[in-house]
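Below is one structure; the comments refer to it alone.
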Amino acid sequence: MLHRYPKRVAFIMLVLTALVAAFPLWGEAVFGNQANFMLEKLTLMLILALFAMSLDLLVGIVGLVSLGHALFFGLGAYTLALASPDFSPASMWWMLPLVMGVSACVALIVGVLVIRTKGIFFIMTTLAFGQMLYYFISTSQFAGGTDGVFIMFRPSLALGERTLVDLDNPYSFFYFCLGMLLLGYFFLRWLTRSYFGQVLDGIHDNEHRMQALGYATSGYKLVAFVIAGVMAAIAGMLAAMQYGFANPAQLGWHTSGEVLMMLILGGMGTIFGPILGAFAYEILLYVYEHATTHWPILMGLTIIVAVLVLPRGIAGLIVAPPWKSKPQTTTKTVENPKLSPSVQPITHNKEG
């Protein structure tokens, strides 16, 4: 599954990244008064792209389809909300490690239990754990119940008295999220091309063969599960920072289903595909919501068409464009050479 992609993939992603990074320069000229809203929407796309990439490590690389990945997304949001001081901003220097530590511990506990299952049983157990936390948070007073928890101050990123990045500034927060997305992408790109990633690739293709070769596949899958959970929690923390609250809906199975649709739309197992899928999904969602109140029907039909027409997602369309596919040449074997004079051997008659 893991292979080197054509150079056009890197070129297209580089152009798209530069276009997104330059949004503050051209956004106001294109969107006018709605430039700030579009900046907020674009920031959300970056956060969801990080969330979708974390799921791609499980679904696309390892082959574990999870319907409870929102558990870690919401866990990161609630960790930020519950650990933040009421009257002063928290420091990102300890908040980020706290979110990563809490999510890693929870992912380790959940992973030890769910890794034992496979196929539909893995899907149902991850869904069950996600819904357990969802109902626990929804009925807990310390977590605000169904209303959630508000975050009064975004964490600060400062060194002593000097502010390194003003996260309260929408543009600074936008670039911070872009930096986190790029950091996550290059980390996963390095991970999937390492020896560890090659083992995960082998588990995806044939786990029994990897076990026969002596690999403890459960341990590799558990580590991948923890890494994916930590990355999803970081995305949840960024989402809570953007909107200033943590809500039980971030833990629900609907969120897990949405990020799975982003993955399907973008292309699984490619790392960059989920980024494209997150952007495409949010753009379609914005268009459909403003077009009709029955937008879920349109979104569902779009996903169905995408699965049928683009089974490898948008990423597959870039990696192997249909117009560049080489026609298959078939060679015909001549059963009876006597029927074809052109293939008869040449004989030389010698006289005398």
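The values are calculated or read from the model by the stated rules, or taken from the named source; none is laboratory data. All of these numbers come straight from a predicted model, not from anything done at the bench. Cβ atoms come from the backbone with ideal geometry, glycine included; neighbour counts cover every protein chain shown. The accessibility values were calculated without ligands, DNA or RNA, using every heavy atom of the protein model including side chains. Shrake-Rupley method; radii C 1.70, N 1.55, O 1.52, S 1.80 Å.
May I ask you to derive the relative contact order of the chain, considering only C-alpha pairs under 8 Å and at least 6 residues apart, and to give it as an integer percent?
This gives 29 percent for the chain.
Computed over the alpha-carbon atoms, the range 22-127 gives an Rg to Rh ratio of 1.10, Rh here being the Kirkwood radius from the mean inverse distance.
Amide H to amide H, with H built 1.01 Å from N, Phe245 comes under 5 Å of Ile151, counting only residues 5 or more places away or on other chains.
In terms of the Cα gyration tensor, with a ≥ b ≥ c the square roots of its eigenvalues, is the range 63-199 rounded because a/c is under 1.5, prolate because a/b exceeds b/c, or oblate? Display every interim value, and only then the final one.
On the way: a/c = 2.56, a/b = 1.28, b/c = 1.99.
Note, shape of the range 63-199 comes out oblate.
Net charge in the neighbourhood of Glu207 (other residues with Cβ under 9 Å of its Cβ; Lys, Arg +1, Asp, Glu -1) is +2. Based on every Cα atom in the range 156-282, Rg and the maximum pairwise Cα distance Dmax equal 17.7, 57 Å.
The calculated 222 nm mean residue ellipticity attributable to helices in the chain amounts to -21000 deg cm²/dmol, summing -39500 (n - 2.57) over DSSP H runs of n ≥ 4 and dividing by all residues.
The length gained on full extension between Leu182 and Leu108, counted as 0.36 nm times the residue separation minus their Cα-Cα distance, comes to 24.1 nm.
Between the alpha-carbon centres of the range 136-199 and the range 282-297 there is a gap of 27 Å. Atom-type composition of the exposed protein surface of the range 157-223 places 58 percent of the accessible area on carbon and sulfur (1.4 angstrom probe). The aspartates and glutamates within cross-link reach of Lys41, meaning a Cα-to-Cα straight distance under 18 Å and a gap of 8 or more places when in the same chain, are Glu28, Asp168, Glu258, Glu282, Glu289.
Taking N as the number of residues in the range 223-320, what value does Rg over Cα atoms divided by 2.2 N^0.38 Å take? Don't skip to the end; give the middle numbers.
Details: Rg = 14.6 Å, N = 98, 2.2 N^0.38 = 12.6 Å.
Expressed relative to 2.2 N^0.38 Å, the Cα Rg reads 1.16.
Taking a ≥ b ≥ c as the square roots of the eigenvalues of the alpha carbon gyration tensor, the range 190-259 is prolate, as a/c is not under 1.5 and a/b beats b/c.
Value of Rg to Rh for the range 116-191, rounded to two decimals, is 1.15; Kirkwood radius and Rg both from alpha-carbon coordinates.
Put simply, the convex hull of the Cα atoms in the range 218-265 casts, on average, a shadow of 4.1 nm². The per residue volume of the convex hull around the alpha-carbon atoms of the chain is 245 Å³. Listed values for the range 193-207 are Karplus-derived 3J(HN,Hα) couplings in whole Hz (6.51 cos²θ - 1.76 cosθ + 1.60, θ = phi - 60°), namely 9, 7, 4, 4, x, 5, 5, 4, 4, x, 5, 5, 6, 7, 5, and x replaces Gly and Pro.
For the range 161-214, the ratio of Cα radius of gyration to the globular rule of thumb 2.2 N^0.38 Å stands at 1.89. Amide H contacts of Gly68: Leu127, each under 5 Å away and 5 or more positions distant or on a separate chain (H built 1.01 Å from N in the peptide plane; Pro and chain starts excluded).
Checking the a/c ratio against 1.5 first, then a/b against b/c, what shape does the Cα gyration tensor give for the range 85-143?
Values: a/c = 4.21, a/b = 1.75, b/c = 2.41.
Cα axes put the range 85-143 in the oblate bin.
Per residue, how much accessible surface does the range 192-284 expose to a 1.4 Å probe? Answer in Å², no decimals. Present the calculation step by step, with values, prior to reporting the outcome.
Numbers: 3190 Å² over 93 residues.
Ligands and nucleic acids excluded, the figure is 34 Å² per residue.
Estimated from the Cβ-Cβ distance and a Förster radius of 30 angstrom, the FRET efficiency linking Met132 and His208 is about 0.45. Distances between placed amide hydrogens fall under 5 Å for Ser91 paired with Ser156, all partners being 5 or more residues away or on another chain.
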